Amino acid sequence: MTFLLDDEQHEFGRTLDRMLSAADVAGAVRAWGADDTGPGRKVWQRLADAGVFALAVPEEYGGAAPDGHKGAPQDGRCGEAPVGNDGAAPEGYRASGLLPLLTVEMSLAFVVLGCHAMPGPVVETVAAAALLRRLDDPALNRRWLPGIATGGHLVSYTDQAHGPYALDAAAADTRFVIMDDRLLCAAGHGPVQPSLDPARRLARPALDDEVLASGPEVRAAAAHAADVAALLTAAQALGVGRRLLADTITYVQQRKQFGVAIGSFQAVKHRLADALLALEFAQPLVFAAAVALAGGERRAHGERRTRGDVAAAKVAAGEAAYGAARTALQLHGAVGYTEELDLSLWIRKARALRSAWGTPSACRARVLAGAP
Amino acid sequence: MDLEHAPEDEEFRHTARAWLTTHVPVTPLPSLETEEGFAAHRKWERTLAADRWSVVSWPEEYGGRGASLARWLIFEEEYYAANAPGRVSQNGISLLAPTLFEHGSPAQLARVLPPMASGEVVWAQAWSEPEAGSDLASLRSRAVRTEGGWLLSGHKTWSSRAAFADRAFGLFRSDPNADRPHRGLTYVMFDLRAPGVTVRPIARLDGKPAFAELFLDEVFVPDEDVIGEPGQGWRVAMSTAGNERGLTLRSPGRFTAAAERLVALWRRADPSDTALRDRVADAVIGARAYHLFTRAHADRLAAGASLGDGPGAGLGAHPGAGGLGGDPSGGLGGDSSLNKVFWSELDIALHETALDLLGAEGELAGHANDSPDQGGWADGWLFSLAGPIYAGTNEIQRDIIAERLLGLPKGRR
């Protein structure tokens, strides 16, 4: 009943952080941008081995959700699925299509992924799993969920209502597309377009391929998946912002002008204080949205309100990360404006995440639609 | 991780809501910065106190309900949602009382707290001086030892509520030869009607005497009105300053309620103006962020983050940078600086957006008949403008954030 991460969740975050610190993620990002996905997929596999993608997949398909992860509440109080003695969700609940994701743990993981600028369709793969779980078609689940859980299957996922471009359509093993109320599996894609963040490789997916499902339940599942994607994008942005701030703090303590560290100048301090403020107040919005989404419609909160919570997190985290990027660039000076410095990986990602899965304007409208 | 309250706490919410529904005046009270309004608000404090709602977090022996921090926050949410009057006793309750709980003697607690809880004695703060605002350590007003107490002399200013209040608390220099400017200060309480005190009200932007200057000429204060050890006033005062910037002065309930009123206003206004719509959304997001930040903070305290043991200790002086991200600094009140900058800017944004939504009617203030809210938003805007100035300017707070939370080197201001 507290709005705090427990020890196990903290340890999960720390473990991921240690693991990614030891891997050369920056090198993998640069390679990914140059069309060499090998190093990135290697990091992806280590994330899967640490259980990140299993969080999105039910136990029966090789995952850890909703009851496989010990950090999850077991008593249903948190809005989690009621869990039977055998650890499986009762049939009636599953049939309602409301199996919750472990969104708190997942959000925590994505903050860490953002801190390390993890490349690839991480958000989209988890969103695809969320979509499948909501559709709850055993054939579709069997076909994709086990591969997602073990890290062997990268999914590019596009909802045409959110924009025409698929992230990493070329690198992914599967391309899901939502077109109106149809879920398509695209065999191909158009040419990869140059993008602001070279590590985010964008292309239009083909729209005339296998129809996996159709009907109003697809639209509902897609809306849920879009919420999951927006939440995880917000979490990732938060991590990006944290990293930009941390690296800039290190820099302003080393860099001297007029004989002193520039970090002793009030103008510099105030920019960094503002960056911290934005991140500190965005963070609880991200985790509150995770809590709301974990409960789904079962909570009194209501779906419209939950969607507003996710949108609020997306706006706040996106703006905080972008603000941190601007501050990082300004305080690094011309050095920060070079591609060579790894800082560029986060600066460009901050800009891209700002409009991915919900522009600031669209999210603000959703916040007001959900406001009491 | 969860955001649900315990069932007992929800029960407490319902009890508070029921009481407020019955007792909150239908017609808003006149501004508490006027003589008439001050008296009306003092009477409201009595009403609150009669049913032990004036100081819910205090122990029962002083008129409280021994409410946990979680319940205090719930009460504040309900209080502002009910559109209940502003608290004329706020200086005493949220600034002096926590200091007393931490540093006061049992005799002082027994003597000072009950009349504070009932509104019988309303307190003003006497921190600032003409030469000492943000740089509080440079204050000059002095306390000179005399038989059985101290003689206060000097000039205090920007003393909120002092125009109509009964007593005041503040810092005085008792050892002019101390080696550092923040040493040799003593924390005292004194009577605003004692011989030697002259109160000169100062009109704020709207002309109301919201604060005052105090001229002190050998004002006698008995030893029993010194809080903590003489000469240790700085240390004593710092806990109070943390409270002022942190939770107790600006509880999230106030902004949550204001954001809801703003959304209602926006729904009645022109929804095609997307620039205004985005500002409304940002105010809503900000109010929610502040609520959640505070919630995480309160839960961390309840989980046993280090604090003093006093009953008021739960309401201030908490460690760390707050939120869910742990504690990058080890504390020293940097988190209350985060709070202070955030709520003060949020408050202005909320009110400016409301005035822009109101258009021409936004210009109408102070019980204007034509204004849909009787000038409430305009008055609130005026009040919000002071936020970044008092309780330590936001510039000073950003320095504190940078130095204590981000670990940046000290430099020239």
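The values are calculated or read from the model by the stated rules, or taken from the named source; none is laboratory data. Given the structure is predicted, the values throughout are model-derived calculations rather than measurements. Note that we place each Cβ from the backbone using ideal geometry, even for glycine, and neighbour counts take in every protein chain shown. Quick note on the areas: whole protein, heavy atoms, side chains included, nothing else; ligands and nucleic acids left out. Shrake-Rupley method; radii C 1.70, N 1.55, O 1.52, S 1.80 Å.
Picking from residues in segment A:271-280 that are open to solvent by 30 Å² or more (accessible area, probe 1.4 Å) and not acidic (Asp, Glu), the one that is farthest from A:ALA328 (Cα to Cα) is A:ALA278. Just a yes or no: is a residue in segment B:82-92 open to solvent by 20 Å² or more (accessible area, probe 1.4 Å) and over 18 Å from B:ALA210 (Cα atoms)? Yes: one or more hits. Can you run down the residue pairs with Cβ atoms below 7 Å, 6 or more apart or on separate chains, where the first is in segment A:307-334 and within 13 Å of chain B (Cβ to nearest Cβ) and the partner is surrounded by 24 or more Cβ atoms within 10 Å (Cβ to Cβ) and outside any helix (DSSP H, G or I)? Within 7 Å, the pairs are A:ALA311/A:GLY358; A:LYS314/A:GLY358. Residues that are more than 7 Å from chain B (Cβ to nearest Cβ) and open to solvent by 20 Å² or more (accessible area, probe 1.4 Å) within segment A:261-270 comprise just one, A:ALA267. Quickly run through segment B:379-404 and pick out the residues that are open to solvent by less than 10 Å² (accessible area, probe 1.4 Å) and touching a Leu at 6+ places or on another chain (Cβ under 7 Å). Correct list: B:ILE401, B:ALA402.
Any chance segment A:1-8 includes a residue that's open to solvent by 40 Å² or more (accessible area, probe 1.4 Å), at negative phi and away from chain B (no Cβ under 14 Å)? The answer is no, given that none of the residues of segment A:1-8 is open to solvent by 40 Å² or more (accessible area, probe 1.4 Å), at negative phi and away from chain B (no Cβ under 14 Å). Can you tell me which residues in segment B:198-231 are in contact with an Asp or Glu (Cβ under 7 Å, 6 or more places away or on another chain) and surrounded by fewer than 22 Cβ atoms within 10 Å (Cβ to Cβ)? Hits for segment B:198-231 are B:ARG200, B:ILE202, B:LYS208, B:PRO209, B:GLY231.
If you go through segment B:354-402 and pick out every residue that is more than 13 Å from chain A (Cβ to nearest Cβ) and in a helix (DSSP H, G or I), you end up with 18. For beta carbons closer than 8 Å, sequence separation of 6+ or different chains, a first residue in segment B:112-136 that is more than 30 Å from B:THR47 (Cα to Cα) and a second that is hydroxyl-bearing (Ser, Thr, Tyr) and assigned to a loop (DSSP other than H, G, I, E, B), the qualifying pairs are B:GLU129/B:SER141; B:GLY133/B:THR393; B:SER134/B:THR393; B:LEU136/B:SER128. Going through (1) more than 9 Å from chain B (Cβ to nearest Cβ); (2) out of contact with any His (no Cβ under 9 Å at 6 or more places or on another chain); (3) surrounded by 20 or more Cβ atoms within 10 Å (Cβ to Cβ) one by one, A:GLY239 falls short only on (2). For segment B:23-34, the set of residues classified as over 17 Å from B:VAL56 (Cβ atoms) and at pLDDT 95 or above consists of B:PRO25 only. Based on what the data block shows, is A:ALA288 touching a residue at least 12 places away in the same chain (Cβ under 8 Å) and either facing chain B (nearest Cβ under 9 Å) or part of a strand (DSSP E or B) (or both)? It is true that A:ALA288 is touching a residue at least 12 places away in the same chain (Cβ under 8 Å) and either facing chain B (nearest Cβ under 9 Å) or part of a strand (DSSP E or B) (or both).
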